[in-house]
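Bear in mind these aren't lab numbers, they're just calculated from the coordinates by the rules spelled out. In this text the structure is predicted, and so the values were computed from the model without any measurement. Please note: Cβ atoms are built from the backbone with ideal geometry, for glycine as well, and neighbour counts cover all protein chains shown.
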Amino acid sequence: MLQGGIGAGKTHFARSLIQALQVRTGQIEDVPSPTFTLVQTYDLSPTEVWHADLYRLTHPDEVEELGLTQAFQEAICLVEWPDRLGDLWPDKALLVSFTPVAEDGCEDHRVITFEGDADTWRNRVLKSVPA
């Protein structure tokens, strides 16, 4: 779940993560923003990645119509504007929050915080950090 205001860096983060996964799998393709399509999917064997932008949704029922609730069970889901999920928020989701910070005259800095179930995410995150 990617949280932050417009221009906070959610889409940039999601695109970069998807591109890094593409490089690792050798399955390179364009990574457009899902702003207008609402969802973009990528088959990056052995898993699928869903990138969703829920900004234009008006009711959580629309999330089910997109197939996201099923994707939460089977795929890596990068969801911008997760507040639109309402009660459909996955129990063990990791929330990544982006907060722009002006520092030393530069407005391109971000504070990124991670919130989620510690037992679920501790090993996943630590396993992926190089020693």
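Points worth noting:
- Result for the chain in a Gaussian network model with C-alpha springs under 10 Å: among Thr58, Thr41, Thr99, the largest mean-square fluctuation is at Thr58.
- Springs join every pair of Cα atoms under 10 Å in this Gaussian network model of the chain, and among Ala14, Ala52, Ala93 the largest mean-square fluctuation is at Ala93.
- Other residues whose C-beta falls under 12 angstrom from the C-beta of Val101 contribute a net charge of -3, scoring Lys and Arg +1 and Asp and Glu -1.
- Around the Cα centre of the stretch 2-89, unit charges on the Cβ atoms of Lys, Arg, Asp and Glu (plus for the first two, minus for the last two) sum to a dipole of about 420 debye.
- Choice from Pro34, Pro82, Pro90 with maximal GNM fluctuation in the chain (Cα, 10 Å cutoff): Pro90
- Excluding the site residues themselves, the longest part of the chain lacking any trypsin sites (Lys or Arg not before Pro) in a DSSP loop with at most 14 other Cβ atoms within 10 Å is 1-55.
- Entry note, the chain: the mean residue ellipticity at 222 nm calculated from DSSP H runs of n ≥ 4, each adding -39500 (n - 2.57), is -9000 deg cm²/dmol after division by the residues and rounding to the nearest 500.
- In the stretch 1-100, one over the average inverse separation of all distinct C-alpha pairs is 13.7 Å, which is the Kirkwood hydrodynamic radius.
- Coupling constants for the stretch 33-40 follow from the phi torsions by the Karplus curve (6.51 cos²θ - 1.76 cosθ + 1.60, θ = phi - 60°), and in residue order they are 6, x, 3, 9, 8, 6, 9, 10 Hz; glycine and proline get x.
- Under 5 Å from the amide H of Glu80 lie the amide H atoms of Leu2, Ala52, Asp53, Leu54, each residue being 5 or more positions distant or on a separate chain, with H modelled from the backbone and absent for Pro and chain starts.
- DSSP-defined antiparallel bridges as percent of all bridges, the chain, nearest 5: 65
- Among the chymotrypsin sites (Phe, Trp or Tyr not before Pro) in the stretch 27-105, those placed in a DSSP loop whose Cβ has at most 15 other Cβ atoms within 10 Å are Phe36, Tyr55.
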